[in-house]
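Below is one structure; the comments refer to it alone.
Only the coordinates and a few stated rules stand behind these numbers; no lab work does. Keep in mind it's a predicted model, so treat the numbers as computed, not measured. Methodologically, a virtual Cβ is constructed for each residue, glycine included, from the backbone with ideal geometry; neighbour enumeration extends over all protein chains shown.
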Amino acid sequence: MVDYLVVGLGLAGTSFCETLRRNNKTFVVFNDQSQTSSRVAGGLYNPIILKRFTLSWRADEQLLIAVEFYNQLEKFLNIQFDEKLSVLRKFASIEEQNLWFEAADKDRLKLYLDTHLVTNENPSLKIPFGFGKVLETGKLNTNILIDRYTEWLQQENCIHSETFDYDKLEIDTEYVTYSGIKARHIVFAEGFGLLRNPYFNYLPMQGSKGEYIIIEAKDLKESKIIKSSIFLIPLGNDLYKIGATYTRGQKDNATTEDAKNELLRKLDSLLDCSYTIVDQQAGVRPTIKDRRPLVGRHSKHNNLWVLNGFGSHGIMIGPWASKALYERIETQVPLLEEMDVERFIRT
Ligand SMILES: Cc1cc2nc3c(=O)[nH]c(=O)nc-3n(C[C@H](O)[C@H](O)[C@H](O)COP(=O)(O)OP(=O)(O)OC[C@H]3O[C@@H](n4cnc5c(N)ncnc54)[C@H](O)[C@@H]3O)c2cc1C
């Protein structure tokens, strides 16, 4: 008997497993490659909505937990995957500069919006009105994080790299059984793959496909993350990630010409140097109708739980929502109504 089964090892599954490990719980993970969201993610953490200069939902509490969480995880795995990179928001006009400085005066935003106008010194960027600098930002290399976490799970013999077959799950009042493994609880963290889960697929998962292109630009020499109508994210070795798109209609992980052309059009209004495209990636963000996470218990089965709906903010929400779910399961601390799956009554 283990304490938990966990299905899915994206940002949600990883942060929940790590929360279990820190609390000395035993667990077994099932993960396949059907979803790519956490692996193609830009990996940015940034508490500000850069369109409107407002704080994103509960960003201050999430950020506090996330930074410490990843810092501890880097020490545990003995690797670095968190780079403290600044985000520079390109101003499109003088009016936008004024809006930024108005926002930076507000108490809740002071910590995150620098009050100096940053002038552009990079001749390869078209920036006539300068930048605003967002503070407390950075970028996780999610591939390194998930790969190293998987390696550790393999060493501990507690991961099965295979698709979880829902038909084979047996549910008892005190435990569940799957493939000969008994567990007190099962936590489903399948990202957009939730739609194949017969216990939770009634939840209003919408999904939003996102694509990036990776370019090589030898003359660009930029070390900060630039936000214009797209993000330009330095990867090192003259490589940059450009994106991402938001598409509602498609729900697969295939790259498209349309997305590439959209990104190139936006990139050309930002860059003044030559570049070549070296890669393109796509994934589906697990977005929910009301844009809040999906956390909580199945309406009939006491030992079935879900951790999902991180939308575009998986890096910051992951550790915070995992903590909330863990405390809900182990010590009955109520979940925030806004993220509790109970808000969607099963019909
Ligand atoms: C293009 C793009 C850019 C993004 N950029 C950022 C960013 O910069 N910052 C940020 O915070 N967020 C970003 N996001 C959002 C972030 O990636 C998501 O919020 C996060 O990845 C969701 O993690 P998850 O673990 O819920 O889902 P996923 O990453 O989809 O992980 C689910 C895992 O479960 C597995 N799985 C599913 N079904 C089964 C099954 N039946 N059996 C076994 N395994 C299964 C999947 O294969 C996958 O490994 C971005 C997303 C996209 C698509």
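Points worth noting:
- Radius of gyration and maximum dimension Dmax of region 221-332, Cα, Å: 18.7, 59
- Summarising the label geometry, the points placed 7 Å from Cα in the beta-carbon direction at Lys106 and Asn78 lie 4.6 nm from one another.
- Scoring 285-296, 322-333, 147-158 by mean Cβ neighbours within 10 Å over their residues and listing the highest first yields 285-296, 322-333, 147-158.
- Bins of 5 Å from zero: percent of alpha-carbon pairs in region 1-118: 2, 9, 15, 17, 16, 13, 10, 8, 5, 3, 1, 0, 0
- Fluctuation leader among Val278, Val29, Val187 - the chain, Gaussian network, Cα springs under 10 angstrom: Val278
- Among 248-255, 230-237, 12-19, 33-40, the peptide with the highest mean count of other Cβ atoms within 10 Å heads the list, and the full ranking is 12-19, 33-40, 230-237, 248-255.
- In this Cβ point-charge picture (+1 for Lys and Arg, -1 for Asp and Glu), region 108-197 has a dipole of about 620 debye about its Cα centre.
- Pairwise centroid distance, computed over Cα atoms, of region 119-153 with region 243-297, Å: 16 Å
- The distance between label points at Lys126 and Ile345 comes to 5.4 nm (points 7 Å beyond Cα on the Cα→Cβ vector).
- Positive-end residue of Gly180, Gly191, Leu153, charge dipole of region 153-193 with Cβ unit charges: Leu153
- Taking the chain and dividing mean pair separation by its residue count, relative contact order in percent (alpha carbons under 8 Å, at least six apart): 23 percent
- In the chain, the calculated helix contribution to ellipticity at 222 nm averages -8000 deg cm²/dmol per residue, counting -39,500 (n - 2.57) for every DSSP H run with n ≥ 4.
- Largest-first principal axis extents, alpha carbons of the chain, Å: 64, 43, 42
- The orientation-averaged projection of the convex hull spanning the C-alpha atoms of region 34-83 amounts to 4.8 square nanometres.
- Projected-area mean, region 282-334, by convex hull of Cα positions, square nanometres: 4.4 nm²
- Pairwise FRET efficiency - Ser93 versus Gln155, Cβ, R0 = 51 Å, nearest 0.05: 0.40
- For Val284, the shell of other residues with beta-carbons less than 9 Å away shows a net charge of +2, using +1 for Lys and Arg and -1 for Asp and Glu.
- Asp60-Ile171 pseudo-label distance in nm [points 7 Å out on the Cα-to-Cβ vector]: 4.0 nm
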